[in-house]
Amino acid sequence: MGKIVADNITSDNSGTDWISTGKRNFNISISGTFAATVTLQRRFGESDTAKDVNDFTSPIEKIAENVESNVQYRLFVKSGNYTSGAITARLSF
């Protein structure tokens, strides 16, 4: 059975919850009409700090590969990276 984390983002310093994908590919879905930078972040365990993986400035549908266990991902709009609009951000497997 899969898992989904999603959020409707309308400000900076906000995003999806963390998702643990295990050693499997996962879906990245960013939609809406917005002026913002959405960052895919990862961390290696709950006590680790977020590390930036990729930035998105427009809607995208993508499959990402994860080859390690105990890695968590989220989509997040960092401070100063939101101007306007509504973003629907979703990670799933």
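The values are calculated or read from the model by the stated rules, or taken from the named source; none is laboratory data. Just so we're clear, the structure is a prediction, and the values are computed from it rather than from any experiment. Cβ atoms come from the backbone with ideal geometry, glycine included; neighbour counts cover every protein chain shown. Keep in mind that these areas ignore ligands, DNA and RNA; they rest on the heavy atoms of the full protein, side chains included. Shrake-Rupley method; radii C 1.70, N 1.55, O 1.52, S 1.80 Å.
What the table below lists for this structure:
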quantity	calculated
Shape call, segment 16-93: gyration tensor on alpha carbons, a/c limit 1.5	oblate
Rel. contact order, % - alpha carbon contacts under 8 angstrom, at least six apart, the chain	49 percent
Cβ-derived FRET efficiency at R0 22 Å, residue 58 paired with residue 24, nearest 0.05	0.25
Residue 17 accessible area, assembled protein chains, probe 1.4 Å, Å²	110 Å²
Most mobile of 53, 77, 38 in a GNM of the chain (Cα contacts under 10 Å)	53
Percent carbon-and-sulfur accessible area, the chain, ignoring ligands, DNA and RNA, probe 1.4 Å	43 percent
Within the chain: Cβ-based charge dipole about Cα centre, in debye rounded to nearest 20 (Lys, Arg +1; Asp, Glu -1)	180 debye
By accessible area with a 1.4 Å probe, ligands and nucleic acids excluded, highest first: order of 76, 93	93, 76
Charge context of residue 20, other residues only, Cβ under 13 angstrom, K/R +1, D/E -1	+2
23 Å Cα-Cα reach of residue 78 towards lysines, excluding residues that sit fewer than 8 places from it in its own chain	51, 62
